[in-house]
Amino acid sequence: ETISKANNSYLNNTDRLTITVSDNRGINNQTFNNGNGSNVSFSNNTAFNPLFTSQGNNYIDIILTDRIGNINVSTYNYSFDNVTPHFSDVGPSGAQSTTASSLHVILLTTINEVGNCTYGTANSSFGA
(Lines give C-alpha, C1' and ligand atoms only; values in the text may rest on other atoms or scores of the structure.)
Protein backbone atom coordinates (compact mmCIF):
# COMPACT_ATOMS: atom_id res chain seq x y z
CA GLU A 1 0.00 0.00 0.00
CA THR A 2 1.03 3.59 -0.54
CA ILE A 3 -0.52 6.66 1.06
CA SER A 4 -0.59 10.21 -0.31
CA LYS A 5 0.43 12.04 2.90
CA ALA A 6 3.64 10.99 4.63
CA ASN A 7 3.50 9.45 8.08
CA ASN A 8 3.95 12.03 10.88
CA SER A 9 2.88 14.98 8.71
CA TYR A 10 0.33 17.74 9.31
CA LEU A 11 -3.26 17.65 8.03
CA ASN A 12 -6.12 20.13 8.17
CA ASN A 13 -9.82 19.77 7.41
CA THR A 14 -9.33 20.26 3.66
CA ASP A 15 -6.68 17.55 3.28
CA ARG A 16 -7.66 14.22 1.77
CA LEU A 17 -5.81 10.91 1.85
CA THR A 18 -5.41 8.64 -1.15
CA ILE A 19 -4.37 5.05 -0.54
CA THR A 20 -3.32 2.70 -3.29
CA VAL A 21 -3.49 -0.99 -2.40
CA SER A 22 -2.69 -4.17 -4.25
CA ASP A 23 -2.34 -7.88 -3.68
CA ASN A 24 -1.44 -10.63 -6.14
CA ARG A 25 -4.62 -12.52 -5.12
CA GLY A 26 -6.82 -9.40 -4.98
CA ILE A 27 -8.13 -7.24 -2.14
CA ASN A 28 -11.43 -8.35 -0.63
CA ASN A 29 -11.94 -5.56 1.92
CA GLN A 30 -10.26 -2.23 2.62
CA THR A 31 -11.23 -0.04 5.58
CA PHE A 32 -9.73 2.61 7.83
CA ASN A 33 -10.24 3.36 11.49
CA ASN A 34 -9.31 6.74 12.96
CA GLY A 35 -9.80 5.71 16.58
CA ASN A 36 -13.52 6.47 16.72
CA GLY A 37 -14.39 2.78 17.13
CA SER A 38 -15.75 1.93 13.69
CA ASN A 39 -14.16 0.87 10.43
CA VAL A 40 -14.99 2.94 7.35
CA SER A 41 -14.66 1.57 3.81
CA PHE A 42 -12.60 3.47 1.26
CA SER A 43 -12.06 3.04 -2.45
CA ASN A 44 -8.66 2.19 -3.87
CA ASN A 45 -6.76 5.19 -5.26
CA THR A 46 -9.62 7.60 -4.45
CA ALA A 47 -9.19 10.61 -2.13
CA PHE A 48 -11.15 10.52 1.14
CA ASN A 49 -11.51 12.53 4.33
CA PRO A 50 -9.90 10.74 7.32
CA LEU A 51 -12.63 12.22 9.57
CA PHE A 52 -10.35 13.52 12.32
CA THR A 53 -12.26 15.62 14.85
CA SER A 54 -9.72 16.37 17.57
CA GLN A 55 -6.79 18.77 17.33
CA GLY A 56 -3.28 17.46 17.71
CA ASN A 57 -1.99 13.92 17.34
CA ASN A 58 -4.25 11.45 15.53
CA TYR A 59 -3.76 8.12 13.84
CA ILE A 60 -5.40 6.12 11.12
CA ASP A 61 -5.28 2.33 10.83
CA ILE A 62 -5.51 0.96 7.31
CA ILE A 63 -6.99 -2.56 7.42
CA LEU A 64 -6.66 -4.69 4.30
CA THR A 65 -8.02 -8.21 3.79
CA ASP A 66 -7.12 -10.23 0.72
CA ARG A 67 -9.35 -12.82 -0.96
CA ILE A 68 -7.97 -15.74 1.06
CA GLY A 69 -8.40 -13.97 4.42
CA ASN A 70 -4.93 -12.59 5.14
CA ILE A 71 -5.14 -9.32 7.08
CA ASN A 72 -2.64 -6.46 7.06
CA VAL A 73 -2.96 -3.46 9.39
CA SER A 74 -0.78 -0.37 8.92
CA THR A 75 -0.87 2.64 11.23
CA TYR A 76 -0.13 6.22 10.13
CA ASN A 77 0.21 9.13 12.55
CA TYR A 78 -0.83 12.69 11.74
CA SER A 79 -0.99 16.00 13.52
CA PHE A 80 -4.41 17.49 12.79
CA ASP A 81 -4.55 21.29 12.84
CA ASN A 82 -7.85 22.93 12.06
CA VAL A 83 -7.33 26.20 13.98
CA THR A 84 -6.22 29.28 12.09
CA PRO A 85 -3.85 31.71 13.84
CA HIS A 86 -5.33 35.07 14.74
CA PHE A 87 -4.25 38.52 15.85
CA SER A 88 -4.98 39.43 19.43
CA ASP A 89 -3.96 43.09 19.21
CA VAL A 90 -2.69 45.42 16.53
CA GLY A 91 -1.61 48.99 17.16
CA PRO A 92 -2.12 51.66 16.22
CA SER A 93 -5.72 50.61 15.78
CA GLY A 94 -8.35 51.93 13.43
CA ALA A 95 -7.71 54.09 10.39
CA GLN A 96 -4.39 55.82 10.94
CA SER A 97 -2.17 57.81 8.65
CA THR A 98 1.14 59.58 9.04
CA THR A 99 3.63 61.54 7.01
CA ALA A 100 6.48 60.55 9.33
CA SER A 101 9.45 58.78 7.80
CA SER A 102 9.03 55.88 10.24
CA LEU A 103 6.14 54.20 12.01
CA HIS A 104 6.20 51.97 15.07
CA VAL A 105 3.66 49.15 14.72
CA ILE A 106 2.79 46.81 17.61
CA LEU A 107 1.62 43.39 16.56
CA LEU A 108 0.74 40.86 19.25
CA THR A 109 -0.22 37.44 17.94
CA THR A 110 -1.42 34.20 19.40
CA ILE A 111 0.40 31.39 17.68
CA ASN A 112 0.58 28.07 19.49
CA GLU A 113 2.08 26.14 16.61
CA VAL A 114 4.87 26.24 14.08
CA GLY A 115 4.07 28.87 11.48
CA ASN A 116 4.87 32.23 10.01
CA CYS A 117 3.54 35.67 10.73
CA THR A 118 4.28 38.38 8.19
CA TYR A 119 3.31 42.00 7.73
CA GLY A 120 4.13 44.15 4.81
CA THR A 121 3.66 47.44 3.01
CA ALA A 122 5.03 48.57 -0.28
CA ASN A 123 8.32 49.46 1.41
CA SER A 124 8.81 47.11 4.36
CA SER A 125 8.05 43.73 5.81
CA PHE A 126 9.01 41.58 8.74
CA GLY A 127 8.72 37.92 9.64
CA ALA A 128 8.19 36.29 13.02
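The values are calculated or read from the model by the stated rules, or taken from the named source; none is laboratory data. Source: prediction; values computed, not measured. Note that we place each Cβ from the backbone using ideal geometry, even for glycine, and neighbour counts take in every protein chain shown. The area values use the complete protein model at the heavy-atom level, side chains included, leaving out ligands, DNA and RNA. Shrake-Rupley method; radii C 1.70, N 1.55, O 1.52, S 1.80 Å.
Need one value: the accessible area of Asp15 in square angstrom, 1.4 angstrom probe, rounded to the nearest 10.
Counting only protein heavy atoms, the figure is 30 Å².
Might you work out the accessible area of Tyr76 for me, using a 1.4 Å probe with all protein chains in place, and round it to the nearest 10 Å²?
Approximately 40 Å² of Tyr76 is accessible to the 1.4 Å probe.
Accessible area, 1.4 Å probe, largest first: how do Val21, Val40, Val73 sort?
So the residues, ranked largest to smallest area, are Val73, Val40, Val21.
Summing Lys, Arg as +1 and Asp, Glu as -1, what charge do residues with Cβ under 12 Å from the Cβ of Ile27 carry, Ile27 excluded? Before the final figure, lay out the partial values.
Working: positive: Arg25, Arg67; negative: Glu1, Asp23, Asp66.
Charge balance in the 12 Å sphere: -1.
How much FRET efficiency would the formula 1/(1 + (r/R0)^6) give for Val83 and Asn24, where r is the Cβ-Cβ distance and R0 is 41 Å, rounded to 0.05?
0.40
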